[in-house]
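For reference, the structure is listed below as structure tokens.
Values in this text are rule-based calculations from the coordinates and carry no lab data. Here the structure is a predicted model, which means the values were calculated and not measured.
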Amino acid sequence: MIYLQVGGAADIARGGGVTFTRSELTVPPSELVAELRTVLSDDYLLTRRLSEVHAVQSMIVHVEVPGTFDEVRHRALRLGRIAAVNSGWSPWLKLSGVLTVGDVLFPVWTVLSLTVGVAVTYAWLGFGRANFLFASAGVLMLPLVTAATAVSREFEWGAAGIGTSAREVQKYSNQRTNRSAEPCSVTPAVPSI
């Protein structure tokens, strides 16, 4: 949905490739810079501070994302934390609960609808992956992931998707900003970068 900029995902700045001019900002550039130093998600902030967001399909690039257990765990924690910090925990807990109850009470319908829905979406987007077969199992894990995200004390900010280690990206980032070279950690209330 974000990739296609349709539905509830339209007008969301996402994926690290946001280009804009100063005239498109809804706040002065100095205010945006100050806010960028304090937020958990630059994508979320840019979504709020740009008058409009449009995906340029010709500029979208497919990126291989590392898939080890730790990399996937950190990515899920980071994305879950960003969503929860921006919209609160309640909607995510309710959504995960409703989907899990549906998966348990109506397993055949839920498994079929999730599997077919994700398979069609993957085919439409051109993703040649078979992991759509695990869509229903993923829904059963959603409450656990949501709870883990809520109680997790830290995650590696890292380089999910750009083919290098999180530590290397953090080191590069620190060289540019003169910050400590330790991996970032985020507490539930106050991000520390």
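Classify region 21-76: rounded, prolate or oblate, from the alpha-carbon gyration tensor (a ≥ b ≥ c, eigenvalue square roots; a/c under 1.5 rounded; otherwise prolate if a/b is larger than b/c)? It is oblate, given that a/c is not under 1.5 and a/b is not larger than b/c.
Length gain on complete extension for the stretch Glu64 to Phe20, per 0.36 nm per residue less the alpha carbon to alpha carbon distance?
13.3 nm
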